[in-house]
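Step one of this worksheet: look at the structure below.
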């Protein structure tokens, strides 16, 4: 019976090994849970080798499973150092690196001695958090345990101090290492670059005895991040074996510089070289399509995403697609992407609500906001800019008041200058000029030039000379050199037949040396200025373009 039991356990152990190896077969949280359930049913929930595999898969291998890894970890009675290191490693790589520090404190209290693999994960967490005080404490622990000479630990220390600590400490560690490791060179080079010392960074790069691909990418990223694309391109052309990071750094650099044509050309070169784009590439390309209005290219990128089987795309990528379609004038495409997204965040809703409002689909914008509330998604200040713009363009004064009140009273959002600007526009368009001026006087923050310009424009439309003069006076106190502000007041006088007022404005312009600019009409100029002001409240997809120096 004992032999049968042993054989049975050996057979189950072999089954578990087959389930876990190779680890990439376990690719979803669902498959992890199935394996975990199999372990519990089969009596392997305390089998240390199987638990190691399960923790490794959930913390490292399976994307988005770190929370499940923590739940599993808390159920392990006596985790060994491998399990502790694995959960700390996963935490350091996650969106909540501070959990790695908390785990180490728990491990320290348990009396388990760390090994040389423990500290690089902790130092990485400190670097991501820019927490040099905690990093210094961990540095002292490293010295205490005698791990400072370990190559990986030392390189992690150099990276920490170069990124967010003392460059002199990083330099001393670097000199003590005998300058043998390319990773140490790269970390120190990136540290000097981050502090704006590009000359020192380049000298270090040129002095490197062996330049690995990381070193090349660090320097290319340094130049791209600082807008020195000519220098970045020269280095890029010299890289022996480029990888996706090399291409992404160049594409993102061109996008951030506004060189959209070069960014797209670089993408074509990348495809011809046989390199497949990743999500970072696509975010950069969608940003350049949005900013340049290249809808056709944006659509091709969207189709490419679908062809690659990324139907369950990330929220960030979905939001970038929505923003691209909305900015390129295809609000239908934006809504289609929105409806096709399985997971959404508040920025997803904001992009569509704002896009609908700015493209004149006012009822649809309000309807989507109501749907957002029914779905229990909490709106933020950007959401209400889109809603109030819809109310303004739709002449919905009562609704505007109601949503402004909803924002402040139900959601506790303090109005900013954009919300006030929307309300002034709502009242001004409706001809409620006295109410608009009273609203401005009651604002909790100082009105800016756009607010007074909006009021002046409303006075011109509704022919109110008295209030126009007040708005113009306040406006000229802020910016006395804008010809359009004078022209607006002049037009108010002209519309009322007060030619003396027109002459007075012309004399004032002559005295101040202000010349009327040729080009679009005052009405077009007004609308463009206000819309640009409000559009700045929409999420900037360039935030997704991250040139990493590491």
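The values are calculated or read from the model by the stated rules, or taken from the named source; none is laboratory data. As the structure is a computational prediction, the values presented were derived from the model and not from experiment. Note: ideal-geometry Cβ built from the backbone for every residue, glycine included; neighbour counts use all protein chains shown.
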If we keep just the residues of region 270-286 that are in a helix (DSSP H, G or I) and free of Cβ contacts under 8 Å to residues at least 12 places away in the same chain, which is farthest from residue 334 (Cα to Cα)?
272
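Please indicate, with yes or no, whether at least one residue in region 462-480 is assigned to a helix (DSSP H, G or I), within 24 Å of residue 362 (Cβ to Cβ), modelled with pLDDT of 70 or more and not assigned by TED's automatic domain parsing to the domain that holds residue 387.
Within region 462-480, the subset assigned to a helix (DSSP H, G or I) is 462, 465-478.
Within this subset, residues satisfying the condition of being within 24 Å of residue 362 (Cβ to Cβ) are 462.
Cutting the leftovers down to modelled with pLDDT of 70 or more gives us 462.
Now drop any that are not not assigned by TED's automatic domain parsing to the domain that holds residue 387, which leaves 462.
Looking for residues that are assigned to a helix (DSSP H, G or I), within 24 Å of residue 362 (Cβ to Cβ), modelled with pLDDT of 70 or more and not assigned by TED's automatic domain parsing to the domain that holds residue 387, one finds at least one in region 462-480, hence yes.
If you take just the helices (runs of 4 or more DSSP H) that sit entirely in region 117-192, which of them hold at least 3 residues that are closer than 19 Å to residue 213 by Cα? Give the derivation first.
Values: elements: 118-129, 132-145, 151-164, 167-176.
Correct list: 151-164.
Could you identify the single residue in 22, 49 that is at pLDDT below 70 and surrounded by fewer than 16 Cβ atoms within 10 Å (Cβ to Cβ)?
Values: 49 fails: at pLDDT below 70.
The conditions single out 22.
Each row is one residue, and each column tells you yes or no for (1) under 16 Å from residue 229 (Cα atoms); (2) at pLDDT below 90; (3) outside the structural domain of residue 327 (by TED's automatic domain parsing).
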{"site": "253", "(1), (2), (3)": "yes, no, yes"}
{"site": "258", "(1), (2), (3)": "yes, yes, yes"}
{"site": "262", "(1), (2), (3)": "yes, no, yes"}
{"site": "282", "(1), (2), (3)": "no, no, yes"}
{"site": "286", "(1), (2), (3)": "no, no, yes"}
{"site": "289", "(1), (2), (3)": "no, no, yes"}
{"site": "304", "(1), (2), (3)": "no, yes, no"}
{"site": "307", "(1), (2), (3)": "no, yes, no"}
{"site": "313", "(1), (2), (3)": "no, yes, no"}
Looking at (1) outside the structural domain of residue 253 (by TED's automatic domain parsing); (2) surrounded by fewer than 21 Cβ atoms within 10 Å (Cβ to Cβ), which one does residue 350 not meet, given that it meets all the others?
(2)
Is there a residue in region 410-418 that is touching a residue at least 40 places away in the same chain (Cβ under 8 Å), outside any loop (DSSP other than H, G, I, E, B) and under 31 Å from the mean Cα position of the chain (by Cα)?
yes
Of (1) free of Cβ contacts under 8 Å to residues at least 60 places away in the same chain; (2) within 30 Å of residue 387 (Cβ to Cβ); (3) in a helix (DSSP H, G or I), residue 319 satisfies all except one. Which?
(1)
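Looking at region 343-369 only, could you name the residues that are more than 20 Å from the chain's Cα centre (by Cα) and in a loop (DSSP other than H, G, I, E, B)?
Going residue by residue through region 343-369, those that are more than 20 Å from the chain's Cα centre (by Cα) are 356-369.
Passing the criteria: 359, 360, 361.
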